[in-house]
1. Filter the stretch 73-99 down to the residues that are among the β-branched types (Val, Ile, Thr) and without any contact (Cβ under 8 Å) to a residue 24 or more places away in the chain, then identify the one that is surrounded by the most Cβ atoms within 10 Å (Cβ to Cβ).
2. In the stretch 60-91, how many residues are over 12 Å from Ser35 (Cβ atoms), among the small types (Gly, Ala, Ser) and touching a helix residue (DSSP H, G or I) at 6+ places or on another chain (Cβ under 8 Å)?
3. Determine, yes or no, whether Ser63 is among the polar types (S, T, N, Q), loosely packed, with under 14 Cβ neighbours inside 10 Å and at pLDDT below 95.
4. Restricting attention to the stretch 63-72, which residues are on the phi < 0 side of the Ramachandran plot and either of a type in the set (Phe, Trp, Tyr) or without any contact (Cβ under 8 Å) to a residue 12 or more places away in the chain (or both)?
Amino acid sequence: MKKADSDSTFTFIIEYDGGTYISQWIAASPKKALSKWMRLFDFSVIPRFRASWLDAFRKDMVSEHPTRISGTKGVWCAGGILGNKLMIINVVRTSITKP
């Protein structure tokens, strides 16, 4: 459920080291959703993940701004390096309707 009228649900589709990881976060903007994802995502679900990678990843990602994908509405992309491998972060503003 939305916290405020300005909040949206953002679906994160992460591609990393051969795996795909999907989660959803409620935030006012893609940048705020990315910040929330960085703080709260359970990185331990990634095989061979090392907790020692997180500090550098989070530090680098602080300045990352999701880039709007040309020709789309409500779709952004960001990326970062986690443990010397590229992580692609796709962010989609998602419309949630009740059944």
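1. Initially, the stretch 73-99 is screened for residues among the β-branched types (Val, Ile, Thr), giving 75, 81, 88-89, 91-92, 94, 96-97.
Filter again for without any contact (Cβ under 8 Å) to a residue 24 or more places away in the chain, leaving 75, 97.
On the way: Val75: 17, Thr97: 4.
For the stretch 73-99, the residue satisfying everything is Val75.
2. Counting residues in the stretch 60-91 that are over 12 Å from Ser35 (Cβ atoms), among the small types (Gly, Ala, Ser) and touching a helix residue (DSSP H, G or I) at 6+ places or on another chain (Cβ under 8 Å) gives 2.
3. Working: among the polar types (S, T, N, Q): yes; loosely packed, with under 14 Cβ neighbours inside 10 Å: yes; at pLDDT below 95: yes.
Against the criterion (among the polar types (S, T, N, Q), loosely packed, with under 14 Cβ neighbours inside 10 Å and at pLDDT below 95), Ser63 qualifies.
4. Correct list: Ser63, Thr67, Arg68, Ile69, Ser70, Thr72.
The values are calculated or read from the model by the stated rules, or taken from the named source; none is laboratory data. Worth saying up front: this structure is predicted, and the values here are computed from it rather than measured. Note that we place each Cβ from the backbone using ideal geometry, even for glycine, and neighbour counts take in every protein chain shown.
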